[in-house]
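The values are calculated or read from the model by the stated rules, or taken from the named source; none is laboratory data. The model shown is predicted, which means the values in this text are computed figures rather than measured ones. Don't worry about glycine lacking a Cβ; one is built from the backbone with ideal geometry, like all the others, and counts go over all protein chains shown.
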Ligand code: COA
């Protein structure tokens, strides 16, 4: 069926039920007035991708515990699970890995475009621009063609890491290096940014980090992705809008801020004074708190274990002692309000040990989360209705236009 027909059919159905809906909405008017800032607790979609139990600290992807996936799966296998709904067979996984490997390179035109980006820009801005540019290079939008969906999934999963790595070298004045076909997904990414083949344990731990960040239900960037997807635009615009949303410090940007905060605290004896001052001044402690979890984020538990594995193998990091001390001191001060470490608290320490520059932490979050965004894109297309919430108007009414020369300094008449 052509896309236009899909859209027309959806529109007709929407029009037909509009009268009934408006009557139902009127009778439900008092409930609709209940404004929930940040949509807290408001279901905005139905989804079968990911489930969170914020009281027990449980996270599942398509019914599988994230701890089991982090211990046994690979990022690409988990991405397949998230996007297509089931774990792949041996042959399906090999085919998926091969397809992703074949799509890793990015056009020299995109690399040339990235060479014009300012060297001191944030890599998230570079990623948002380059992800959006894929829509120019692969402009056929055929959302009703399953092959188009498969190609877009491959391209985005394959090319996003290459674009992050390309900007990393370009901003240092170097030419990006090409992906290496003999290296698996995570090892290849580490190779492209460090220009060294990584230790297998380091690559395995990095891969587990990607699994942990791959999906998290209707967080801000995924909501952005679904809203954008609901307009039936192309998947590159969907991912670009989600990247822009992830960049903020209340979302993906927090892991950079955690390291800055630990540096500012400096020594263990400064932990308690810092916490007391920050809490008194109503400042947020970065890497703490979560809308969904009222206990320690299960991903933080796993990341802490991965961090310890890294330190045991490659040497201790005293910043980890500081982080543990902070977690301990925060437990008595913030724990009673259900505020505990979230995914960002230990991830920065892992990436730091892997030699990854701090401003690449959030782009790495995006590399992982693209799997979740694409799963939600596909799910949204499967039962689409354009997002168009309502609002409670709080502005003026009944004002009369005043000629420019008759307005006072405040702009009124
Ligand atoms: N440090 C100190 N207090 C915190 C806090 C933190 N990290 N996170 C929440 N709180 C407190 C708030 O001050 C507020 O207290 P109050 O009721 O006395 O005013 C209360 O907890 C609710 O905070 P609120 O910001 O409304 O919660 P939220 O559900 O809207 O926010 C986050 C969730 C994640 C945005 C928030 O916890 C935060 O900003 N954390 C720091 C940034 C971060 O680590 N983000 C990564 C998320 S994975």
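Observations
- Residues that are more than 21 Å from residue 385 (Cβ to Cβ) and outside any helix (DSSP H, G or I), drawn from the range 222-240: none
- Residue check, residue 326 surrounded by fewer than 20 Cβ atoms within 10 Å (Cβ to Cβ) and either in contact with a helix residue (DSSP H, G or I) (Cβ under 8 Å, 6 or more places away or on another chain) or within 25 Å of residue 55 (Cβ to Cβ) (or both): no
- Given (1) in a helix (DSSP H, G or I); (2) more than 29 Å from residue 161 (Cβ to Cβ), number of the condition residue 360 does not satisfy: (2)
- Neighbours by Cβ (under 7 Å, 6+ apart or cross-chain): first from the range 41-57, under 10 Å from residue 222 (Cβ atoms); second in a loop (DSSP other than H, G, I, E, B): 45/218; 47/217; 49/62; 49/215; 50/215; 50/216; 50/217
- Every listed requirement among (1) without any contact (Cβ under 8 Å) to a residue 12 or more places away in the chain; (2) under 16 Å from residue 290 (Cβ atoms) is met by residue 324 save one, (2).
- Top-ranked residue of the range 241-268 - restricted to ones that are more than 28 Å from residue 222 (Cβ to Cβ) and not in a helix (DSSP H, G or I), ranked as nearest to the ligand (Cβ to nearest atom): 266
- Test for residue 229: is it in contact with a strand residue (DSSP E or B) (Cβ under 8 Å, 6 or more places away or on another chain), in contact (Cβ under 8 Å) with a residue 24 or more places away in the chain and under 18 Å from residue 131 (Cβ atoms): no
- Of residues in the range 288-301 being more than 18 Å from residue 322 (Cβ to Cβ) and in contact with a helix residue (DSSP H, G or I) (Cβ under 7 Å, 6 or more places away or on another chain), the one farthest from the ligand (Cβ to nearest atom): 298
- Answer residue from the range 269-287, given it is under 14 Å from residue 339 (Cα atoms) and touching a helix residue (DSSP H, G or I) at 6+ places or on another chain (Cβ under 7 Å) and is farthest from the ligand (Cβ to nearest atom) among those: 275
- Candidate set from the range 304-344 (those that are in contact with a strand residue (DSSP E or B) (Cβ under 7 Å, 6 or more places away or on another chain) and assigned to a helix (DSSP H, G or I)); member that is farthest from the ligand (Cβ to nearest atom): 327
- Test result for residue 268, more than 17 Å from the chain's Cα centre (by Cα) and either assigned by TED's automatic domain parsing to the domain that holds residue 339 or crowded, with 18+ Cβ neighbours inside 10 Å (or both): yes
- Condition check for residue 350: closer than 30 Å to residue 285 by Cα, touching a residue at least 12 places away in the same chain (Cβ under 8 Å) and away from the ligand (no atom under 14 Å from the Cβ): yes
- Among (1) surrounded by fewer than 21 Cβ atoms within 10 Å (Cβ to Cβ); (2) away from the ligand (no atom under 16 Å from the Cβ); (3) farther than 15 Å from residue 351 by Cα - the single one residue 191 does not satisfy: (3)
- Of all residues making up the range 271-301, the number that are in a helix (DSSP H, G or I) and surrounded by 14 or more Cβ atoms within 10 Å (Cβ to Cβ): 10
- Flag if residue 214 is under 9 Å from the mean Cα position of the chain (by Cα), within 18 Å of residue 49 (Cα to Cα) and within 16 Å of the ligand (Cβ to nearest atom): yes
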